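To start, the structure under review is shown below, and the notes come after it.
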Amino acid sequence: MAWTLRPPAHRVGPPARRWWTAQALLVVTGPAVLAATALLVLSLLFFPGALPWLAPLVVVGLVVPALGYALAMPALRYRAHAWEVGESALYASSGWYRLRRRVLPLARVESVALRRGPLQRRFGLATVAVTTASSAADVRITGVSGTEARRLADRLRAAAGLPAGEAA
């Protein structure tokens, strides 16, 4: 008998998509375009004869993949990221390149932390990190609105029998 998991019930909000886009622009696309510009300027200054073949190579090798990443990754990640808290387990789905679905028994939860980076704060988002004794079973639910993340963390702590509180 083959088992299939349905997608979790709760999805991240639209600000998560903007956060992932900003992240992609800052971490991948921005540096790639900067490197491409530097290569082309150096080529123009020192090796002008190489520009006719180097420019298309740089554009195809650096700029197009970086822009493709910035356009595709947030949309794919937005479709995959979701979570659901049941009576006895947390069910989370994440990823963009490789989809990961995890079911974590609430009885195994050791801590629940609420994390916000500077860019996440700018978009009003947070990450709920749920840890267990096994590091392979840890779950991070990213791109959740700040108020929803607090409610989710409190609900997980209560369901797991942990003391209330918030970790930065």
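What are the residues in region 15-67 that are open to solvent by less than 60 Å² (accessible area, probe 1.4 Å) and more than 24 Å from residue 77 (Cα to Cα), if any?
Result: 35, 36, 38, 40, 43, 50, 51, 54, 55, 58.
Of the conditions (1) touching a residue at least 40 places away in the same chain (Cβ under 8 Å); (2) assigned to a strand (DSSP E or B), residue 162 clears all except one; give me its number.
(2)
Kindly indicate whether residue 140 is open to solvent by 60 Å² or more (accessible area, probe 1.4 Å), in a strand (DSSP E or B) and not polar (S, T, N, Q).
So residue 140 passes the test.
Where in region 41-117 are there strands (runs of 3 or more DSSP E), lying fully within it, with 1 or more residues that are touching a Phe, Trp or Tyr at 6+ places or on another chain (Cβ under 9 Å)?
Where strands (runs of 3 or more DSSP E) fall fully within region 41-117 and carry at least 1 residues being touching a Phe, Trp or Tyr at 6+ places or on another chain (Cβ under 9 Å), they are 82-85, 89-94, 100-105.
Residue by residue through region 88-129, note down the ones that are among the polar types (S, T, N, Q), touching a Lys or Arg at 6+ places or on another chain (Cβ under 8 Å) and open to solvent by 20 Å² or more (accessible area, probe 1.4 Å).
94
Which of the residues spanning region 135-146 are touching a residue at least 12 places away in the same chain (Cβ under 8 Å) and out of contact with any His (no Cβ under 9 Å at 6 or more places or on another chain)?
Scanning region 135-146 gives 137, 139, 140, 145, 146.
Given the criterion open to solvent by less than 10 Å² (accessible area, probe 1.4 Å) and either more than 18 Å from the chain's Cα centre (by Cα) or within 22 Å of residue 15 (Cα to Cα) (or both), identify the matching residue among 153, 133.
153
The values are calculated or read from the model by the stated rules, or taken from the named source; none is laboratory data. Values in this document were obtained by computation on a predicted structure and should not be read as measured data. With ideal geometry, Cβ positions are generated from the backbone for all residues, glycine too; neighbour counts draw on all protein chains shown. These area figures cover heavy atoms from the full protein model, side chains too; ligands, DNA and RNA do not enter into them. Shrake-Rupley method; radii C 1.70, N 1.55, O 1.52, S 1.80 Å.
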